[in-house]
1. What does the charge count near THR529 come to, summing +1 for each Lys or Arg and -1 for each Asp or Glu among other residues with Cβ under 10 Å from its Cβ?
2. So what is the relative contact order for the chain, in percent, with contacts set as C-alpha pairs under 8 Å and at least six apart?
3. Scale the Cα Rg of region 346-399 by the rule-of-thumb value 2.2 N^0.38 Å and send over the ratio, two decimals.
4. Report, by chain and number, residues whose modeled amide H sits under 5 Å from the one on GLY498, excluding near sequence neighbours (fewer than 5 apart, same chain).
5. Please sort by residue number the chymotrypsin sites (Phe, Trp or Tyr not before Pro) in region 194-235 whose DSSP state is loop and whose Cβ has at most 11 other Cβ atoms within 10 Å.
6. What is the percent carbon and sulfur in the accessible area of region 107-215, measuring with a 1.4 Å probe over the protein chains and ignoring ligands?
7. In units of 2.2 N^0.38 Å, what is the alpha-carbon radius of gyration of region 221-281?
8. Can you list the GluC sites (Glu not before Pro) in region 1-61 that are in a DSSP coil and have 13 or fewer other beta carbons within 10 angstrom?
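The values are calculated or read from the model by the stated rules, or taken from the named source; none is laboratory data. Computed from a predicted structure; not experimentally measured. Note that each Cβ is placed from the backbone with ideal geometry, even for glycine, and that neighbours are counted across all protein chains shown. Heads up: the accessible areas ignore ligands, DNA and RNA and are worked out on the full protein's heavy atoms, side chains in. Shrake-Rupley method; radii C 1.70, N 1.55, O 1.52, S 1.80 Å.
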Amino acid sequence: MYCSSEDCKITVETGKYRVILAKPPFNSTLLCRKSGRLFAFVAGGDCLKEDSAETISLSSEWEIAEKKEDSLLCIREEKSSSWERKQFVIRFEENAISCYHLLTGSGNIDEIRFFRECIDGREYGFGGNFDEVCTAAPNFREQRWFHSCSQVRISYGNDTSLCTGIHALASVPHVLGLHDRRDETLLGAGFFASPGEYLWDDILWNPPVRLSPTGYAGDDAMAGGFAVNYYGKKTINGLWRSPELVFTFPETCGEMLGEALEYAYDKALLPRPVKKELPSWWYSPIYCTWDDQTSMNFKGEADYLRMIGENPGRFCTEELTQRWLDILAGKGIEPGIVILDDKWQKSKVSAEPDTGKWPDLRRWIDQCHQRGLKVFLWNLAWHNEDIPAAEAITRNGEIVAGDVTSPAYEKRLRQMIHTYFSAEPGCLNADGMKLDGLLALPVGRGLHNHGNIWGLELQKRYLQIICDEAKKAKKDVCISTFAANPYLDEFTDMVRLGDMFTSRLTTEDSLLWRAEVLRTTHPYKPLDTDSQLIYNTDPDYLDIMDVQESVGIPTLYNAEYIRRRRPFLHPEYRKMNDDEYRKAAGVFARYRAKGKASAGVEK
């Protein structure tokens, strides 16, 4: 690493990059050596309190605070209207650059910006020789690439207004890449913090302009820069260190997430996933009742407004589930796991079965065990059904979800989970859980909970309680989620690809992108390839099961009915035919013959 200081500027050079740091508002620059791409930026950022606008009136020169053989730490001070003291810190290493704010003062944090700052009445930002932003978070639009003038957000929860479309996997690491279509390399950008400090809701590329230079929105779109959003839920009093923005230099889009995570592992900002011996039955092929339920509920219905309020849960019954399992057995299809989907239970806050559908669920589960079949129960995270007001997360006084930071709700949740899995009399003796709804993690403004814990930390608390109580009841219980973050790896036994909603006619590209992300974030966990057929409009749609087999555990959601639907195309509804049963039976049989490692489900 080479470093020099001249004309009030600091130059840092490695084999990956060259940076020239200038005192704001003058431009600093970053040159990526592999691609030759040049970036120009203001080396600082606004740190905004709730309902308060920050301005910077004075900036000091850069100082070298620490110089080592393999790293260099530079720091400078700013005079801020919002903070008693404000410092911006940049650490240079051979293969990465990281930066963060040090703030002294008190108040509720709204937004922390990087390379977007208002100084002496003008706003400065980030630009460069790139024309695309790449996201590491799969979405239902199946869109990885966005124009550099777009706003691109990654949330630990979800928001139907996101320009990226609704997220498809839950709590994906907050990693983006800046790319130019003239080459493959990227400038990777990831946000990390010390364990316990993942309290923000989302990150944003190109946050809204505060001081428009021309009043024309098209010019505002060129501002660039990054933001971390707390929406007023983070209170500081004294010295506080912001999350780190880390730049890496991946060679391809496929390396972007992995390189960012490696940095976080090396700095102990994320726990590195650990390979463990897992119960072999976790890798069994799966049948889930959901698509048969929805097929019976909606049939050929093409009027989506008429579907609102209908409930496929009315078809999750013992009689139908047994019929579907018997049909599969008669066709030579042998799942090792059956998932009872929404809504087998009387209430989502209770483990009490709906006895009108399941007269004796415990007896039925025990009979499944006698046949060598494991049973998963569906459960919905972050719902608001039957939540007592005293045990709720609220938004502006309205109940949003159960509050896992509340001792009373935690007790309720633990009792429910114990009843799911314990073999004690009065309990259900189930083997696993299909945990749905993690994307509904409460995010945004106006929220209140008992412990004031938000973001990824709140998601972790929820999974930690479930996993802890489940393992007490049954050691080999399997908790299946579609979370995709190493921070949650310890509390996730199996990962799922989620519903394959896509703008394409085939679901293959969605499947492969999501599998790529899950293999990067949870490399040692069984991968349930989840429901594929319902959204697949390709005439050869059953070929998707071959792709399932190649990347994870093949999963069948159809035992009797096929209902395929894509918005704005007429749905198909009919019974499965013998060719389709033979195809599914062949995939399950080949998968079983290969063994789990050969089938690509263990790394």
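1. -1
2. Details: 1417 pairs, mean separation 72.4, N = 603.
About 12 percent, as a whole number.
3. For region 346-399, the normalised Cα radius of gyration is 1.58.
4. Under 5 Å from the amide H of GLY498 lie the amide H atoms of SER531, each far enough along the sequence or on another chain.
5. When the chymotrypsin sites (Phe, Trp or Tyr not before Pro) of region 194-235 are filtered for loop state and at most 11 Cβ neighbours within 10 Å, TYR216 remain.
6. The value for region 107-215 is 47 percent carbon and sulfur by accessible area.
7. 1.65
8. GLU61
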